[in-house]
Amino acid sequence: MNASEAFPLIAPDARILLQPQGCRVETDDVALDIRAPRDPAAAGRALASMYGDTSAAELARDSGLGAADLAAICAALAQEAMLSDARPHADPAEPVDGEAFVALCARAFAGWKQRLFGHPLWVALAEGEASRPLFLGWLIENYHLIEAATVRLPVAIAACAHPVVKRHFVKHFREEFDHHHFFRQSLRAAGLDVATVEARPPLPGTMAVINHMRACARRDSLSYAACSGFLESTGEDHQRAREFFRRLGTHFDSGAGAIVTPLAEHAALDEDYGHCGMLALVVGAGGTVTHGQARRALADAHALVEALELWSTDILRHYDGSAALSGAARRYRPVRDPEAVA
């Protein structure tokens, strides 16, 4: 790869870890230590920006790493098949192989899911270290997120111009529109009043995820399908989900499993419906996928991951005590002093 002309795209499942003398780049089967003793932070900045939309020359300049050091890093990554040239200068209308795009998304999603579920919220839930209010808050915000299928899938249907893809979205909506009832069962079993939960608006982080999905649905059906594909468990993820629910039941539920069992049943139903294959269905039915569409869809799916991380942080910060569950007011809203109102 010519370091001055290429647009480096790091492997989508790569994890970048800062070290005292540089960085470590890991995938499931490769670990590469990169030494940059003069400025390890600059190496980290360059690696974290290798999304294929910035030239190597710009990366070297903006990170402060320098062209020679960046060229050496790119060569080492390319030798381990951890780097490619994204060619953003290519014609956006140029077609790409649909199956290859779906496979690329699957590889990216695997790494992104590992990153998301390494968030302190999910670790605390899985390890049983979360407080009871935090677990209940996670349950509440999941209810709002799942119920929002009724406001995001209709946008995807209405905005879709391809009749076959639209039918897939309609079928998906028909199968998903009432799945929040599983979460209602869990809320009731946990001793929460469903009417009170429904009256309280979702956290800003929850709304950010919902609004991102709606924006993607308006922009491009492929972008929405990529985001949906990330949300749905696939393959090995089903086993991990079952193990996660088992651990939740051990830590936060009674022996009867009244709280967690509906959540596990919801995941199993989605698996039976085959929702994990939505992206492949959309790609197969929608005809040609262009270079521009593919890049935008991957970027939108990655932005969803970031929104979900912020959502997880919002839950972690908000539901830090029992007061977060009392009343209809949200603590992130400023308290108004009646005497200060003219």
Yes/no for residue 177 being closer than 30 Å to residue 35 by Cα, open to solvent by 60 Å² or more (accessible area, probe 1.4 Å) and aromatic (Phe, Trp, Tyr): no
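Quick grid of which residues meet (1) more than 28 Å from residue 110 (Cβ to Cβ); (2) at pLDDT below 85; (3) in contact with a Pro (Cβ under 9 Å, 6 or more places away or on another chain):
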position: 27; (1), (2), (3): no, yes, no
position: 33; (1), (2), (3): no, no, no
position: 53; (1), (2), (3): no, yes, yes
position: 59; (1), (2), (3): no, no, yes
position: 76; (1), (2), (3): no, no, no
One residue from 194, 164, 155 being touching a helix residue (DSSP H, G or I) at 6+ places or on another chain (Cβ under 7 Å) and modelled with pLDDT of 95 or more: 155
Residue under evaluation residue 37, criteria (1) open to solvent by 50 Å² or more (accessible area, probe 1.4 Å); (2) in contact with a Pro (Cβ under 9 Å, 6 or more places away or on another chain); (3) of a type outside the set (Ser, Thr, Tyr); (4) not in a loop (DSSP other than H, G, I, E, B), criterion not met: (4)
Output for segment 200-218, where each listed residue is touching an Asp or Glu at 6+ places or on another chain (Cβ under 9 Å) and small (Gly, Ala, Ser): 205, 208, 215
Contacts under 8 angstrom Cβ, first residue in segment 50-75 being in contact (Cβ under 8 Å) with a residue 60 or more places away in the chain, partner among the β-branched types (Val, Ile, Thr), 6 or more apart: 51/10
The lone exception for residue 44 - which of (1) surrounded by 15 or more Cβ atoms within 10 Å (Cβ to Cβ); (2) modelled with pLDDT of 85 or more it fails: (2)
Residue in segment 140-148 that is without any contact (Cβ under 8 Å) to a residue 40 or more places away in the chain, in a helix (DSSP H, G or I) and within 30 Å of residue 313 (Cα to Cα) present: yes
Counted residues, segment 161-171 - those being closer than 18 Å to residue 219 by Cβ and surrounded by 13 or more Cβ atoms within 10 Å (Cβ to Cβ): 5
Criterion (surrounded by 15 or more Cβ atoms within 10 Å (Cβ to Cβ), of a type outside the set (Gly, Ala, Ser) and either more than 27 Å from the chain's Cα centre (by Cα) or in a strand (DSSP E or B) (or both)) met by exactly one of 121, 104, 125, 65: 65
Tabulated pairs, segment 197-214, first of a type in the set (S, T, N, Q), second assigned to a helix (DSSP H, G or I), C-beta under 8 angstrom, 6+ apart or interchain: 206/141; 206/144; 206/145; 206/311; 206/314
Count of segment 184-209 residues which are within 15 Å of residue 146 (Cα to Cα), open to solvent by less than 60 Å² (accessible area, probe 1.4 Å) and part of a helix (DSSP H, G or I): 9
In segment 79-101, residue modelled with the lowest pLDDT [restricted to those that are surrounded by 16 or more Cβ atoms within 10 Å (Cβ to Cβ) and within 16 Å of residue 56 (Cβ to Cβ)]: 88
Matching residues, segment 149-158, being touching a residue at least 40 places away in the same chain (Cβ under 8 Å) and open to solvent by 50 Å² or more (accessible area, probe 1.4 Å): 151
Selection from segment 122-146 of residues that are of a type in the set (A, V, I, L, M) and farther than 26 Å from residue 195 by Cβ: 123, 124, 126
Identity of the residue in segment 1-22, more than 25 Å from residue 105 (Cα to Cα) and not polar (S, T, N, Q), that ends up modelled with the lowest pLDDT: 3
Residue pairs meeting the criteria (Cβ under 7 Å; at least 6 apart or on separate chains; first part of a loop (DSSP other than H, G, I, E, B), in segment 13-28; second open to solvent by 70 Å² or more (accessible area, probe 1.4 Å)): 13/28; 13/107; 21/35; 21/37
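The values are calculated or read from the model by the stated rules, or taken from the named source; none is laboratory data. Quick caveat: nothing in here was measured; it's all calculated off a predicted structure. Cβ coordinates were reconstructed from backbone atoms using ideal geometry, including for glycine residues, and neighbour counts include every protein chain displayed. Ligands, DNA and RNA are excluded from the accessible area calculation, which covers all protein heavy atoms including side chains. Shrake-Rupley method; radii C 1.70, N 1.55, O 1.52, S 1.80 Å.
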